[in-house]
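Engineer: The structure's right below; bear with me while I get my questions together.
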């Protein structure tokens, strides 16, 4: 909640024992890491905007999690959260990101020319290609904690920046609260429109407050570059197109992001970034590159192969259904994307997808011909760092 | 272990000084608020001996507390004012930019702010046909600190009741009830419910885990002292076993984690199911919900039409519980203008809903039914409670009003009203015509 936290001072009247949450039935990263000692140490701290440790963990307390799916269970309210509450967040980040240490440095590389290949994925199998990331605007609190005034300021600045883009990036902003019915229908048909969050993971963190105030969607005329404003992060940036030309998608992604960043910097509000955590986003799972580069690819035979999961693991890729996270695949078509976010650069992660998907398509073709793929099973790719 | 104990003692020292600061703030902030309950004063005095080491600490903490007491403001009130143009709730109808600007920098002694109070109304624009309240209180002092908006909302919701110059009568003397034993051919069950808040602890939208746990301790401690036909048992939501859970479901006693966005947006489901539970007497006629939408919800009910007995048990149970908490130095939140203080302004005054499940096959189809109910100051709901539809011809009929009339008056209204409805039904059975009664006055 915004505007400082007078309530936290009042809370300190009660003992650690009385205030410590009951996490005995919980299965999320926060619950695995948070001890009473840690809570005692952090409970009287606040970030400059007034975010407290109870604010960080509320979503994890309210969502005990699932035995099979490990959620993060905590969020940042502003850039400084990652510093003020590092005793809690560093171990959470380490658990979530394969052992990333508090002293590790993250590489940022948005030079699309460093990507090798990616323009020759077989469009008979690869139906569409997409790269997304998030960006936070320095100097503003994040979606769990920002006030209406702050959120509106982020919107205003973002729209100004986006409307100044030209060429292939020339586009238009559609604010959620004043969209016409016709515009809404079109955005739904294009699969661009985002809804008020319903996931209790997000609601428990206060991210849907004041909906739909200062939320909106911007996209270019070609409908290949799209920005969500004030959904789960300040900005979610998406580059996408039909077919398998990931190279082109990534180029547009990098160029667009850099153009936008230049404009924000001119207003003295660059993106939140540091050399340890990379780009700072609301959820610790999206630190580093915040990048998910993926394709919708037809793999009906490979996906039923006994070694499918192992192949994905070795390639450091993950599968999702075509509706996105937590959906099932339809007709043998999968969403395949990078599993890592931090410790490797944007180029590294997209390279992973490009190389991995190319290999899997070849495997699919082999299986179609009734041949074995055992000789093609890749070695385990090294984790980042 | 050692370092934890050290932290603990530091926290205790700061407890004294912060509590004293709190104490003075309560006095300054509210002319209605009662003095802190004796239990907490005892707590303070016993720790005063902690010594002069805490003085320096106090000076530091005092500044820290004062700094926090001013809301962090980067944007002017006009930039923060919510967009309420598409909203239809009582808060949206009365929260002008001027009122917002006046109140947005204030906090209650516990740190509750206007933005927190109105969040549920901002997030739930409402429905053209149903006007919700759109704001909640985080503590007793909210009603005072944010009186400029609460009073307008209360006035609209409670049909013109003006907290500034009207007094609310409290009367739990069930011997004053006349009649109240309905024909079981029509009345299937009778029920009276209300809520009570424990003074000195924040309300469900704002309470910390420790406060919520303290509410639970105080209440179940008192309930354990009930005897005779009121003796019973507590079932904690976190500890209940499957059998107990199934039994409570079968008895229609179990409450669930709130799903209504009206409640979740106000923060009432935080930390679920920590410190939530259900207490009921062995005969299953007196039931208390702990830490659901209010600190406590108290329910007296039984099958059949003996509303008089239901209300007798209700009053007796409430008065016993009050006596038991007072023995330990606690009391209920109450004042002479707003009556019993509860989370939602709609439940101020008596917080009382007295009702029956009644079958009215003919009357319910008569087009005059809504007007008859209205004039009798009654409302109908489906048999699943608020926002449900009626099943068959059975309705939940209860009092519309909560504030400005006493418990005895409201229950009498329900009794007289239900009697009238049953008379109408009987007339229609005999092929006779019915009359719409004259409207009864609201504030007696």
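Engineer: Give the stretch B:85-121 a look and list any residue that's surrounded by 17 or more Cβ atoms within 10 Å (Cβ to Cβ), within 10 Å of chain A (Cβ to nearest Cβ) and more than 21 Å from the chain's Cα centre (by Cα), or say none.
Structural biologist: Within the stretch B:85-121, B:104, B:107 qualify.
Engineer: Please indicate, with yes or no, whether at least one residue in the stretch A:216-224 is within 12 Å of chain B (Cβ to nearest Cβ), more than 17 Å from the chain's Cα centre (by Cα) and assigned to a loop (DSSP other than H, G, I, E, B). Talk me through it step by step, then tell me what you get.
Structural biologist: Our first condition is that a residue be within 12 Å of chain B (Cβ to nearest Cβ); within the stretch A:216-224, this holds for none.
Within the stretch A:216-224 (the criterion being within 12 Å of chain B (Cβ to nearest Cβ), more than 17 Å from the chain's Cα centre (by Cα) and assigned to a loop (DSSP other than H, G, I, E, B)), the answer is no, since none of the residues qualifies.
Engineer: Another question, then. How many residues does the stretch A:247-279 contain that are within 16 Å of residue A:113 (Cα to Cα) and out of contact with any strand residue (DSSP E or B) (no Cβ under 8 Å at 6 or more places or on another chain)?
Structural biologist: From the stretch A:247-279, those within 16 Å of residue A:113 (Cα to Cα) are A:247-258; that's our starting set.
Retained after the next criterion (residues that are out of contact with any strand residue (DSSP E or B) (no Cβ under 8 Å at 6 or more places or on another chain)): A:247, A:251, A:254-255, A:258.
Residues in the stretch A:247-279 being within 16 Å of residue A:113 (Cα to Cα) and out of contact with any strand residue (DSSP E or B) (no Cβ under 8 Å at 6 or more places or on another chain): 5 in total.
Engineer: Restricting the search to the stretch B:125-135, which residues are within 14 Å of chain A (Cβ to nearest Cβ) and surrounded by 24 or more Cβ atoms within 10 Å (Cβ to Cβ)?
Structural biologist: B:134, the sole residue that qualifies.
Engineer: In contact with a helix residue (DSSP H, G or I) (Cβ under 6 Å, 6 or more places away or on another chain), in contact (Cβ under 8 Å) with a residue 24 or more places away in the chain, within 14 Å of chain B (Cβ to nearest Cβ) and not in a helix (DSSP H, G or I) - does that describe any residue in the stretch A:139-146?
Structural biologist: First pass over the stretch A:139-146, keeping only residues in contact with a helix residue (DSSP H, G or I) (Cβ under 6 Å, 6 or more places away or on another chain): A:140-141.
Then keep just the ones that are in contact (Cβ under 8 Å) with a residue 24 or more places away in the chain; that gives A:140-141.
The next check asks that each one be within 14 Å of chain B (Cβ to nearest Cβ); those that pass are A:140-141.
From the residues that got through so far, the ones that are not in a helix (DSSP H, G or I) too are A:140-141.
Within the stretch A:139-146, one or more residues are in contact with a helix residue (DSSP H, G or I) (Cβ under 6 Å, 6 or more places away or on another chain), in contact (Cβ under 8 Å) with a residue 24 or more places away in the chain, within 14 Å of chain B (Cβ to nearest Cβ) and not in a helix (DSSP H, G or I).
Engineer: With modelled with pLDDT of 95 or more and within 21 Å of residue A:254 (Cβ to Cβ) as the only criterion, which of A:151, A:132 stands out? Step through it out loud before you land on a result.
Structural biologist: Details: A:151 fails: within 21 Å of residue A:254 (Cβ to Cβ).
Only one candidate passes the filter, namely A:132.
Engineer: Which residue, of A:294, A:343, is in contact with a helix residue (DSSP H, G or I) (Cβ under 8 Å, 6 or more places away or on another chain), buried (at least 22 other Cβ atoms within 10 Å of the Cβ), closer than 30 Å to residue A:203 by Cα and assigned by the TED database to the domain that holds residue A:134?
Structural biologist: Numbers: A:343 fails: in contact with a helix residue (DSSP H, G or I) (Cβ under 8 Å, 6 or more places away or on another chain).
Of the residues listed, the single one that is in contact with a helix residue (DSSP H, G or I) (Cβ under 8 Å, 6 or more places away or on another chain), buried (at least 22 other Cβ atoms within 10 Å of the Cβ), closer than 30 Å to residue A:203 by Cα and assigned by the TED database to the domain that holds residue A:134 is A:294.
Engineer: Pick out the one residue from A:77, A:50 that is touching a residue at least 40 places away in the same chain (Cβ under 8 Å) and in contact with a helix residue (DSSP H, G or I) (Cβ under 6 Å, 6 or more places away or on another chain).
Structural biologist: A:77
Engineer: Yes or no: the stretch B:187-203 includes at least one residue that is in contact with a helix residue (DSSP H, G or I) (Cβ under 7 Å, 6 or more places away or on another chain) and within 30 Å of residue B:74 (Cβ to Cβ).
Structural biologist: Within the stretch B:187-203 (the criterion being in contact with a helix residue (DSSP H, G or I) (Cβ under 7 Å, 6 or more places away or on another chain) and within 30 Å of residue B:74 (Cβ to Cβ)), the answer is yes, since at least one residue qualifies.
Engineer: Can you spot a residue in the stretch A:31-38 that is over 20 Å from the mean Cα position of the chain (by Cα), more than 11 Å from chain B (Cβ to nearest Cβ), part of a loop (DSSP other than H, G, I, E, B) and crowded, with 22+ Cβ neighbours inside 10 Å?
Structural biologist: yes
Engineer: Residue A:255 - would you say it is away from every other protein chain (no Cβ under 14 Å), touching a helix residue (DSSP H, G or I) at 6+ places or on another chain (Cβ under 8 Å), more than 15 Å from residue A:293 (Cβ to Cβ) and in a helix (DSSP H, G or I)? Please lay out each step first, then the result.
Structural biologist: Details: away from every other protein chain (no Cβ under 14 Å): yes; touching a helix residue (DSSP H, G or I) at 6+ places or on another chain (Cβ under 8 Å): yes; more than 15 Å from residue A:293 (Cβ to Cβ): yes; in a helix (DSSP H, G or I): yes.
Yes.
Engineer: Could you figure out which of (1) farther than 24 Å from residue A:352 by Cα; (2) part of a helix (DSSP H, G or I) isn't true of residue A:102?
Structural biologist: (2)
Engineer: While we're looking at this one, here's another question. Since residue B:395 meets every condition but one in (1) under 21 Å from the mean Cα position of the chain (by Cα); (2) without any contact (Cβ under 8 Å) to a residue 60 or more places away in the chain; (3) within 14 Å of residue B:191 (Cβ to Cβ), which condition does it not meet?
Structural biologist: Of everything listed in (1) under 21 Å from the mean Cα position of the chain (by Cα); (2) without any contact (Cβ under 8 Å) to a residue 60 or more places away in the chain; (3) within 14 Å of residue B:191 (Cβ to Cβ), residue B:395 misses just condition (1).
Engineer: Further question: Only one of A:367, A:359, A:312 is touching a strand residue (DSSP E or B) at 6+ places or on another chain (Cβ under 8 Å) and assigned to a helix (DSSP H, G or I). Can you tell me which?
Structural biologist: Values: A:367 fails: touching a strand residue (DSSP E or B) at 6+ places or on another chain (Cβ under 8 Å); A:359 fails: touching a strand residue (DSSP E or B) at 6+ places or on another chain (Cβ under 8 Å).
One residue alone meets the criteria, A:312.
Engineer: Hey, another quick one. State which residue is surrounded by the fewest Cβ atoms within 10 Å (Cβ to Cβ) when the search covers only the stretch B:56-84 and only residues that are modelled with pLDDT under 95 and in a loop (DSSP other than H, G, I, E, B).
Structural biologist: B:76
Engineer: Oh, and also: Considering the stretch B:263-296 alone, what residues qualify as being touching a strand residue (DSSP E or B) at 6+ places or on another chain (Cβ under 6 Å) and closer than 21 Å to residue B:117 by Cα?
Structural biologist: Hits for the stretch B:263-296 are B:294, B:295, B:296.
Engineer: Please go through the stretch A:9-28 and give me each residue that is facing chain B (nearest Cβ under 7 Å) and surrounded by fewer than 18 Cβ atoms within 10 Å (Cβ to Cβ), ordered by number.
Structural biologist: Going through the stretch A:9-28, the residues facing chain B (nearest Cβ under 7 Å) turn out to be A:9-16, A:18-19, A:21-22.
The answer is A:15, A:18, A:22.
Engineer: Further question on the same structure: Let me spell it out: the conditions are (1) at pLDDT below 95; (2) touching a strand residue (DSSP E or B) at 6+ places or on another chain (Cβ under 9 Å); (3) over 23 Å from residue A:143 (Cα atoms), and residue A:177 meets all of them except one. Which number is the exception?
Structural biologist: Result: residue A:177 fails condition (3) only.
Engineer: Would you confirm whether or not the stretch B:325-344 contains a residue that is closer than 27 Å to residue B:263 by Cα, part of a helix (DSSP H, G or I) and under 16 Å from the mean Cα position of the chain (by Cα)?
Structural biologist: no
Engineer: How many of the residues making up the stretch A:195-215 are without any contact (Cβ under 8 Å) to a residue 12 or more places away in the chain, within 9 Å of chain B (Cβ to nearest Cβ) and within 18 Å of the chain's Cα centre (by Cα)? Reasoning before the result, please.
Structural biologist: At the first step, the residues of the stretch A:195-215 found to be without any contact (Cβ under 8 Å) to a residue 12 or more places away in the chain are A:195, A:198-199, A:203, A:209.
With within 9 Å of chain B (Cβ to nearest Cβ) added as a condition, the list becomes A:203, A:209.
With the extra rule that they be within 18 Å of the chain's Cα centre (by Cα), the set shrinks to A:203.
Count: 1.
Engineer: Considering only residues of the stretch B:358-378 that are touching a strand residue (DSSP E or B) at 6+ places or on another chain (Cβ under 7 Å) and at pLDDT 95 or above, which is surrounded by the most Cβ atoms within 10 Å (Cβ to Cβ)? Spell out the reasoning first.
Structural biologist: As a first pass, look at the stretch B:358-378 and keep what is touching a strand residue (DSSP E or B) at 6+ places or on another chain (Cβ under 7 Å): B:358-360, B:364, B:373, B:377-378.
The next check asks that each one be at pLDDT 95 or above; those that pass are B:358-360, B:373, B:377-378.
Values: B:358: 25, B:359: 16, B:360: 22, B:373: 18, B:377: 20, B:378: 23.
Applying the filter and picking the extreme gives B:358.
Engineer: Further question: Please work out which one of (1) within 14 Å of chain A (Cβ to nearest Cβ); (2) surrounded by fewer than 17 Cβ atoms within 10 Å (Cβ to Cβ); (3) free of Cβ contacts under 8 Å to residues at least 24 places away in the same chain is the condition residue B:214 fails and give its number.
Structural biologist: (2)
Engineer: Among (1) surrounded by 15 or more Cβ atoms within 10 Å (Cβ to Cβ); (2) away from every other protein chain (no Cβ under 14 Å); (3) in contact (Cβ under 8 Å) with a residue 40 or more places away in the chain, there is one condition residue B:233 misses while meeting the rest; what is its number?
Structural biologist: Of everything listed in (1) surrounded by 15 or more Cβ atoms within 10 Å (Cβ to Cβ); (2) away from every other protein chain (no Cβ under 14 Å); (3) in contact (Cβ under 8 Å) with a residue 40 or more places away in the chain, residue B:233 misses just condition (1).
Engineer: With respect to residue A:65, determine if the residue is out of contact with any helix residue (DSSP H, G or I) (no Cβ under 7 Å at 6 or more places or on another chain), assigned to a loop (DSSP other than H, G, I, E, B) and over 23 Å from residue B:117 (Cα atoms).
Structural biologist: Details: out of contact with any helix residue (DSSP H, G or I) (no Cβ under 7 Å at 6 or more places or on another chain): yes; assigned to a loop (DSSP other than H, G, I, E, B): yes; over 23 Å from residue B:117 (Cα atoms): yes.
Yes.
The values are calculated or read from the model by the stated rules, or taken from the named source; none is laboratory data. None of the values given here were measured: they were computed from a predicted structure. As a convention, Cβ positions derive from the backbone with ideal geometry for all residues, glycine included, and neighbour counts pool all protein chains shown.
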